[in-house]
1. Report in % the part of the accessible area of segment 674-821 that belongs to carbon and sulfur, leaving out ligands and nucleic acids; probe 1.4 Å.
2. Over segment 135-237, what is the mean sequence separation of C-alpha contacts under 8 Å (at least six apart), divided by residue count, expressed as relative contact order in percent?
3. Pick out, in residue order, every one of the GluC sites (Glu not before Pro) in segment 329-435 that is DSSP loop and has at most 13 other C-beta atoms within 10 Å; say none if there are none.
4. Give the residue list of GluC sites (Glu not before Pro) in segment 1-73 that are DSSP loop and have at most 14 other beta-carbon atoms within 10 angstrom.
5. Rounded to the nearest 10 Å², what accessible area does residue 233 show when all protein chains are kept and the probe is 1.4 Å?
6. Rounded to the nearest 0.05, what FRET efficiency do residue 893 and residue 339 have when you use their Cβ-Cβ distance and R0 = 60 Å?
7. What accessible surface, in Å², does a 1.4 Å probe find on residue 443, ignoring ligands, DNA and RNA and rounding to the nearest 10?
8. On a C-alpha basis, how far is the centre of segment 624-669 from the centre of segment 677-717 in Å? Whole number, if you could?
Amino acid sequence: MYQQGVGDFKYYVGISSLAQIATRGDRVCVLNILGGESSEVTPVGHAWSGGNVVFGTSPGRRGQVLETPAGNIPVYNSVREGLDDGHRFNCGVVYLPPSAARDGVAELIRVNPELKKIFIITEKIAVHDAREIRAMGQQHGIDIFGANCLGVADAWNQVRIGGALGGDSPSDTLKPGSIAVLSNSGGFTTTIAQYLRMAGWGTTTLVSSGKDVYIHYAAPEFAFALANDARSKAAVLYCEPGGYYERDAVFTKPVVACVVGRWKSKLTRAVGHAGAMAGGEDDAAAKERWFMEKFGVDALFTPDRPVFSAKGAVVANIAHIPAALTAVMRANATLPDFAPEGTMELKPWFGANPGIELPARLDLPVVDALDPYRTQIAALARQVGASFPREALKDASGASKMDPKTQVASLHGLSVLEAARLPLEANVGLALLREAGGDNDRKLVNVALAACVNLHGDPALAAAHAAREAGNAPNSVLAAALSIVGPRRAERAREIAAAFIERFHAAGLRDALAEDFDLAALAEDAALARLVTVAEPDARAEAMLAGLDARAARSVPVRYLRSLGRPVGADAVLAALTTTLAWGPLMRKRVSRLTVETLPWWLRLFGTLIGAAALPERHQPAAFCGMPTAQLLGHASITEIACRALLDRSPDAADLFAFQTLVGILLTNGPGTISAQGAKGAVSADGPETPQRVQLNKALVGFLTHTGYAHGGNGFEGVQFLIEAFRDTPLADPADPAHGLDLAALARGCAEDYARYKAEAKSAGAFDLRKLPGVNHPVFKDRPVNLDPREVFIRELMTARGETNVFHDFYRALVQALHQAGVSRTVYCVNIDAVIAALLLKLTWKPWRAGEIGESALESAAFTVFLYARMLGCAAEADDHLNRGRNMDTRTAASACRFVS
């Protein structure tokens, strides 16, 4: 039997006025007070309300307290314990999980006869439980709010019960006024109050009704209490689809109804709040129609078409509520509660859209921020470049990632397949500046690296030669050379780069290629001039400047060096080039100042690695690999230079395409590779939190020492397999489409040989069968015809260029032959290793066939081209770790290690 309540309701309602919902006399008990949500919001509400929470419960935690600005709140195992300790309350707040909410409500009602109101914050309570909660409240004369709500608040009484209405600083939003608020959305309850305050309207009582299937205190109850609240002159309702509560409400005061969620009518299942679905008659359109009929209007209120009456208005955009309310209240001869305090329009405190032309409506003006933010923003504006938060980067990276579905890695957002379209010089920019750059950038990279490849008379070349003579693999040879290129080798260039950043930023440089930039601001800077000039002409600097002239490259820092009219050093030219390259990404805060200051060292290391791959006799005083210095610096690309160093001959267009493709494909395979871990570990061990102590050459040595014949050198396995397959053929040129070979027959013979081997091995009881290199993949399998998307991309790229590679074509014939020979139940994919092997052998087939190089040289070339490419990817990892990582963050915890015997 239900209790007798107020009004003409057919069910119990105990609250007759909104002023009774949250009062200064209310005392509160919070269930699950130490839970994650309650422990965050209860202290704020308790303090703002003058200390209205008398105790809370959390089973097993009796004796603990919840600290608040208004004093500690005691915690008990149960409600009964709190009552037995002398505490009294009339309001219960439920933060329990959905499965426990019903029992929590039952406990509150059963043990406390003084209970009058319950606020259920819990969402997704089962319908059956919600029915029982409803029945218990009705039988015992208790008003229930929620569930799935953020409680209630009263701006006049300065009281908040349950939830987080008003946020962390309720007084900033809940200013006393004349407007009541009922909202299905807890978050928007606060937002609406803020919108109203900005327009000059304060609030009385705010009710977050929630939007579970059962709304225990809904629009009809709210409308009745609104009518009896002398403080409230009008109300704002925020309504979502679902339920007929609004249709049954009888309003006697003006109302602005914001109805949202028209999109939900297209759904066939509920999402989020319990919204209406397709086929229902309680969707957003229906609710708009109900309110229009109540208010006597025929359309939504918008600023362009303000449709309203003295009874109210309907809006579909929360931003239109203040204007609609003001219009409705003016029709009732009522002015706002106080002067408007601003608007809720976007007021960006800072912004940047370099290189992007935005429409005027989107290009919002920047306004002055409030203090202390104004000062902080000003400091940010003075900051040059990006600043990255530090974190542990073991097995993590901000530079590269591997797509587990496609097995395609990417570097700074660009897939290695797209990187394969780019020349080596563009991938240098991608690795360290996060952008491949344009034509002028490639000119600058070509000059900077070409100036560093000729190691004639350099101890780095002697170290590489000694390592090679001792029988070391290419990775160890190059590591020996890079060990010589320590911090002091780049110290002067880094100092100049730092000075350039400081001076050119202060001078207002935005575009480092701007030919009209006025250098007058730097003309009187004697300290900078002393830093970049030298007493006697520097031959390398002059050669670099001549190379830039020959390429017609543009650079404001280089133009500054020329304006001095005095000899400048090679370090100054290198710093001018790297500063120009990095200026755009630096100004756009794509890279940090630290990255730009270390860029001269990186380029010197790259040039040294490429140069050290060539034998000592290829380094001459005025030439490298047969290329005179003027050609090297003024015309050749670093792609061509590196390819020539690798092949020891002048490459043709097909060679350059194959080389460029290989470099792009091999650029990175994600941060989990052994080589990437080597680079990251070297940086981690030096301590990136003190970046000036990190040795970049050691980072590359770390990468090199973490490559070997199983990782990097294993590309030769595919080359060796192809050599055996083609050794007895008359193939002269693998790029000639008229090669005259019957590839199908060649593949068939290979497949039959492998089928016999496999059968004999199985009959002999062998389990560890030799696999064919370049065939099959653990991800791309189990389809009738399997494809490695990386191989498909390269094949299509070659077809578009009109390129032929007989080795690649052979692999495609081989997977078909293996299936036809019964070796595989499906057609295996040709994997990316096969593509790499085919490209490598195509580069070296002619000299190998002519007897100019042996298989050992082929193996060395295969290994070296991997090192050329992965040098860039691992430099990106090292730079990322330098900027983001923590000291010793790549180590493995002792608990994760195990001893084996």
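1. Working: 3690 of 7260 Å².
That fraction is 51 percent.
2. The normalised contact order for segment 135-237 reaches 34 percent.
3. Working: sites: 341, 345, 357, 391, 418, 425, 435; in loops: 341, 345, 357, 391, 435.
Answer by residue number: 341, 345, 357, 391.
4. Values: sites: 37, 40, 67; in loops: 67.
Passing sites in segment 1-73 are 67.
5. It works out to around 100 Å².
6. Numbers: r = 61 Å, r/R0 = 1.01.
Using R0 = 60 Å, I get an efficiency of 0.50.
7. 50 Å²
8. For segment 624-669 versus segment 677-717, the Cα centre distance is 24 Å.
The values are calculated or read from the model by the stated rules, or taken from the named source; none is laboratory data. A quick note: this is a predicted structure, and the numbers were derived from the prediction, not measured. Cβ sites come from the backbone with ideal geometry, for glycine too, and all protein chains shown count toward neighbours. Heads up: the accessible areas ignore ligands, DNA and RNA and are worked out on the full protein's heavy atoms, side chains in. Shrake-Rupley method; radii C 1.70, N 1.55, O 1.52, S 1.80 Å.
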